[in-house]
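These notes concern the structure reproduced below.
Bear in mind these aren't lab numbers, they're just calculated from the coordinates by the rules spelled out. Because the structure is predicted, anything quoted here is derived from the model rather than measured. Here the Cβ positions follow ideal geometry from the backbone for every residue, glycine too, while neighbour counts run over all protein chains shown.
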Amino acid sequence: MTPPSRRRLMLDLRQERGATVVIVALVLIAMFGMMVLVVDVGGLLWKRRELVNGSDAAALSAASTCALPTSVDPKTPEQAADPLAAQNVTGLDPTTTTNATVLPSTCHTAKSGAVKVQYSQQQHLFFAPVLGFSNQNGVTTKAYAIWGPAGAANPVPIVIYTTTFQGQCDVSFGFLNLNTTDPQKGWDVLKDAQCPNVGASTRTGWINQTGSVADLPVHYTVTDPKPTYVCRVSGLSNSDWTILRSRVGDVVTFPMDDCTQNVDQSGNLVTCFGNADKYDIIGFIDFDLQGVYDQATGPNGWGGTAQQTCSFTAKKVPNTDPNNIVSLLGQSPVGQCPQTDPTQPAPPQGPGGGLINLTVNGQPPGATYTYDATTQTITWNGADQANLNVSFDWWVNGRCGQPPGNSSAVCIVVTTVAVHVGGSNPCPLCSPFSNIRAVKLCDPAVTGSCNGVNVPT
């Protein structure tokens, strides 16, 4: 006979079996819920990002087509947009619906206009049906792009020399007067005109796009390179670069100067190396602005160490190994001599710096000593010396390479997006590939983003 206490225990265990099933079911529901979040929702987000990229590319392609006459590019906006969308979105069939919309009579004919594209795709859901949801969900994205004269794209008043693109070099930035009307006119003036200055607030408005900029005409064409003289503005301040830094991450348009045609106040040619009073603007360049660094310390500083000279005396140096080896590192004075190898990479600033112009007792490496760039040491092979006078120049690279000695220097880090050479009005003799009109993405919900162009919504 089973004792009463044991019977009660067995009965209690049997009564708990149903509760276990409920707990397991709840856990399974929670697990499938997590799978839906991780796999299905993650897939939807991934598909949306893919469609956003495809829509952006399609909108830019459609706008680029509409910016050109049919004699150059006869495609419709749809024909220009769909292939780019298909290239950027896996499994997309862009021909199923009409995806590109433009305002009537603007494509190929108007000097400015806008296009809207919209693409949709079904995304398969793996775990959602287990919880009673559909096995697929639609994802839709749209994008807007405008085309128009490059000079109407709210360029910043900072000129870029064409010689900048011929290799790595220091560039003297010039600030421009973007006014197109009197009494402060500075754009498209006579080469001997007297240039008015503009206030700091006006310059600030141009940089951060709160100021009003009219269409800026450019007369240069491939077959007739007429000059467009633009006045230089003085009074540069550090705040100008601070404001430009606030636009890091934007695609920013800069006027482009043919510095070989720059002139002084009297209209005399000074080319790229003289004191220019007016620049010859031949077009515009779009940069993806990635960084603006100055010589100050901190997160916005250039970093590194500017070139300086280290001089020290090594005493009682024989010509016998190993006492004839002298290190160039760790010498005094500490503030003037490198304590570690300046030529080695220094993340996150990139490649290392340099060590040059080495002399010992006024002589370069040669018969009396050798230099090992790997260990940064010299080996003395001459007669025993009471003193070796060692001197060399060194620097450590910063975010933009070797820091300049000029404490007011600024480094702008950019990636070229597009170059627009030519004026604001197409001409029959212009090359169709001169990009006399510019295109860019815009968002009608953001004030000023579409530069006043009427955008289809």
Are there any chymotrypsin sites (Phe, Trp or Tyr not before Pro) in the range 361-394 that are in a DSSP loop and have at most 10 other Cβ atoms within 10 Å? List them by number. none
Which value in nm describes the separation of the simple spin-label points at residue 182 and residue 340, placed 7 Å from the Cα toward the beta carbon? 6.3 nm
Got a sec? How would 341, 286, 393 order by Cβ neighbour count within 10 Å, fewest to most? 393, 341, 286
Under a straight-distance cross-link criterion of Cα-Cα below 14 Å, which aspartates and glutamates are reachable from residue 278, leaving out those fewer than 8 residues away in the same chain? 188, 192, 257, 258, 264
Could you work out how far apart the two model spin labels at residue 319 and residue 140 are, taking each label as a point 7 Å from the Cα in the direction of the beta carbon, and quote it in nm? 8.8 nm
Just to be sure I understand: if I project the alpha-carbon convex hull of the range 305-396 onto a plane and average over all orientations, what area do I get in nm²? 5.7 nm²
How large is ³J(HN,Hα) for each residue in the range 56-67, as worked out from phi by the Karplus curve 6.51 cos²θ - 1.76 cosθ + 1.60 (θ = phi - 60°), to whole Hz, x for Gly and Pro? 4, 5, 5, 4, 5, 5, 5, 5, 4, 5, 5, 6
Along the Cα→Cβ direction, 7 angstrom out, place labels at residue 393 and residue 408. What is the inter-label distance in nm? 2.3 nm
Calculate the FRET efficiency for residue 275 and residue 247 from the Cβ-Cβ distance with a Förster distance of 30 Å, rounded to the nearest 0.05. 0.55
Beyond 23 Å between alpha-carbons counts as too far, so tell me which of 142/440; 75/111; 191/226; 185/226; 75/226; 191/440 fall in that bin. 75/226; 191/440
For the range 219-273, what class follows from the C-alpha gyration tensor (a ≥ b ≥ c being the square roots of its eigenvalues): rounded when a/c is under 1.5, otherwise prolate if a/b is larger than b/c, else oblate? oblate
So the FRET efficiency between residue 443 and residue 72, C-beta based with R0 = 30 Å and rounded to 0.05, is 0.60
